[in-house]
1. Explain nothing, just compute: Karplus ³J(HN,Hα) = 6.51 cos²θ - 1.76 cosθ + 1.60, θ = phi - 60°, for every residue of the range 8-14 in order, whole Hz, x for Gly and Pro.
2. Could you give the nm distance between label points at Cys33 and Val17, where each point is 7 Å from its Cα heading toward the beta carbon?
3. Once the Cα gyration tensor of the range 1-42 is found, what semi-axes does its equivalent ellipsoid get, as square roots of 5 times the eigenvalues, in whole Å, sorted largest first?
4. List the relative contact order of the range 1-42 as a percent without decimals, with contacts defined as Cα pairs under 8 Å and 6+ residues apart.
Amino acid sequence: MPIFEYKCKQCNSKFEVLHKSSLNQEEVSCPSCNSKENQKLLSTFSATGFSASSSSCASGSCGVEPSYSGGCSSGMCGLN
């Protein structure tokens, strides 16, 4: 179920709506003023990757050692 972020054109409040389907998006009302005049916003997201370490496979054991990367959860990317 996709979550979309909106901004109300009447009162400028931002809010999120969880839609049951990305194909069938019902009409959205602002939770603050009940206005139907809303703008869908482009949202940022954070993703974390996982990969196997190549050095452990070179020894023949192919043990999986996590290597995490990505995301802006620390706020260092300047998008927060």
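1. So the J values, rounded to whole Hz, are 6, 6, 8, 10, 6, 7, 9.
2. Placing both labels 7 Å beyond Cα along the Cβ direction yields 1.6 nm.
3. Working: eigenvalues 64, 20, 12 Å².
Square roots of five times the eigenvalues give 18, 10, 8 Å.
4. On the way: 72 pairs, mean separation 18.8, N = 42.
Reported as a whole number, the value is 45 percent.
Values quoted throughout were computed directly from the atomic coordinates according to the rules given, and no laboratory measurement underlies them. Bear in mind the structure is a predicted one, so any value in this text is a computation, not a measurement. All Cβ positions, even for glycine, are placed from backbone atoms using ideal geometry, and neighbour counts span all protein chains on display.
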